[in-house]
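Engineer: Provided herewith is a single structure, encoded as structure tokens, for subsequent inquiry.
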Amino acid sequence: MWTQNARDQWVSARSVEAYGRPWKAKKPYRGAGPALTDLISGQIPMIIPAMTGQVLEFHKAGKLRILAVVSPSPLIGVPELPTAVEQGFPSLVAQQFIGLLAPAGTPNAIINQITQATHVALTDREYLQTLIESGLEPDLDSSPEKFRRSLEDDIARWTPIVNAIGLKLD
């Protein structure tokens, strides 16, 4: 079974191929850790990992070079990094989502309590800065409805690509 990061790397790589630019690494990794290890040790030439604090630290230390980010706009924490769109890949946008999910049927009062607690946590400037320095882009206007729409939009966007490349669940 792939982790979300491994799936995202694989689908993003296939998206690069859709532009007629071959992707040399043909094996999926079980997460960013093994892929980063192989990249830094010179076993593979390139990966598309999830943007994390660890990836940014390796970049800052000169152990790897971030060529582009696949967010729709430059990251707040590292605005000097170009986007894939700016580098000639107009459709290569693959945002990560980190969100809180609850079982279906969770009472609205509980959902509202979680939403309120999340908004309170995001008012802490130190915590917010830590998230930004880790490559995250907190959505200060987030709501359960907005997050649900984002997930639905993401599914609609990636389904044709997943189907076209024949990606199947293990």
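Engineer: Restricting the range 37-65 to residues that are under 15 Å from the mean Cα position of the chain (by Cα) and over 24 Å from residue 154 (Cα atoms), which is surrounded by the most Cβ atoms within 10 Å (Cβ to Cβ)?
Structural biologist: 56
Engineer: Take the conditions surrounded by 15 or more Cβ atoms within 10 Å (Cβ to Cβ), modelled with pLDDT of 90 or more, under 30 Å from residue 145 (Cα atoms) and under 19 Å from the mean Cα position of the chain (by Cα) and apply them to residue 93. Does it pass?
Structural biologist: No, not satisfied.
Engineer: If you don't mind, there's one more thing I want to ask. Answer yes or no as to whether residue 75 is surrounded by 11 or more Cβ atoms within 10 Å (Cβ to Cβ) and part of a helix (DSSP H, G or I).
Structural biologist: no
Engineer: To continue, here is another question. For the range 121-170, how many residues meet the condition of being surrounded by 13 or more Cβ atoms within 10 Å (Cβ to Cβ), among the β-branched types (Val, Ile, Thr) and farther than 15 Å from residue 76 by Cβ?
Structural biologist: Qualifying residue count, the range 121-170: 3.
Engineer: Can you find a residue in the range 106-125 that is assigned to a loop (DSSP other than H, G, I, E, B), on the phi < 0 side of the Ramachandran plot, without any contact (Cβ under 8 Å) to a residue 60 or more places away in the chain and small (Gly, Ala, Ser)?
Structural biologist: Among the residues of the range 106-125, not one is assigned to a loop (DSSP other than H, G, I, E, B), on the phi < 0 side of the Ramachandran plot, without any contact (Cβ under 8 Å) to a residue 60 or more places away in the chain and small (Gly, Ala, Ser), which makes the answer no.
The values are calculated or read from the model by the stated rules, or taken from the named source; none is laboratory data. Quantities reported herein were computed from a predicted structural model and do not represent experimental measurements. Ideal geometry is used to build each Cβ from the backbone, glycine not excepted, and the neighbour counts take in all protein chains shown.
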